[in-house]
Structure formats: C-alpha cells, structure tokens
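Okay, structure first, notes after.
The values are calculated or read from the model by the stated rules, or taken from the named source; none is laboratory data. Model, not experiment: these values are computed from the prediction. FYI the Cβ positions are ideal-geometry reconstructions off the backbone, even for glycines, and counts take in every protein chain you see.
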C-alpha cells in the first residue's frame, strides 16, 4: 500500500540540499510551478517547456536570502508533518472541492 506523507509547508524549519542544511524563516517555504520573469513579462514558463522540472521550492533564510530550486534538489526537510487525521481530512476536502467543481 502506498503511503501519503503530508508535510505542512507552514512548519518547515530547514531544508537539506547537497551542500548541507539550510534554515527556513518561519512561514516562507512554498512549493509551486516556476517561471522566469523579465520585469512583468514571463520569459520562461516551465509548465510549457517539456522536459523541465516544473515544480520548485522557494524559501527565505533567516538572513533574508531567498533560495529557490527544483523540488528534486531537496534531500530532506525538517519540521512537523501533518497528523494522519489531518492528512485524511485534507484529502476529503480535496475530493469534496474536486466534486463541487464538476
């Protein structure tokens, strides 16, 4: 049976990259699709480019530096995982929202 591991992005405290652990400023860790901008113009939209890692992570370190990179570059995260009950409730909510959209 496949297990879903719920990671609460609001509670990620540090991220392990190839060069070691990086501290994450509270509530700054996020995951999503990326694109490169030049001013207000999208120069590259990763979703539209086949063969790219479109899911990236971004966070701010305590010194204010903002880091971003492919989700696949994260080796581990430290922080609180969601409880099994919270994961089940989130899954039910996602199913409910998906059904309501149709």
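The residues of the stretch 31-45 that are touching a strand residue (DSSP E or B) at 6+ places or on another chain (Cβ under 6 Å), at pLDDT below 90 and closer than 23 Å to residue 16 by Cβ amount to a single one, 34.
Scanning the stretch 10-26 for residues that are under 15 Å from residue 68 (Cβ atoms) and in contact with a strand residue (DSSP E or B) (Cβ under 6 Å, 6 or more places away or on another chain) gives 12, 15, 22, 24, 25. Filtering the stretch 56-88 down to residues that are surrounded by 13 or more Cβ atoms within 10 Å (Cβ to Cβ) and at pLDDT below 85, which residue is farthest from residue 32 (Cα to Cα)? Per the stated criteria, the residue is 88.
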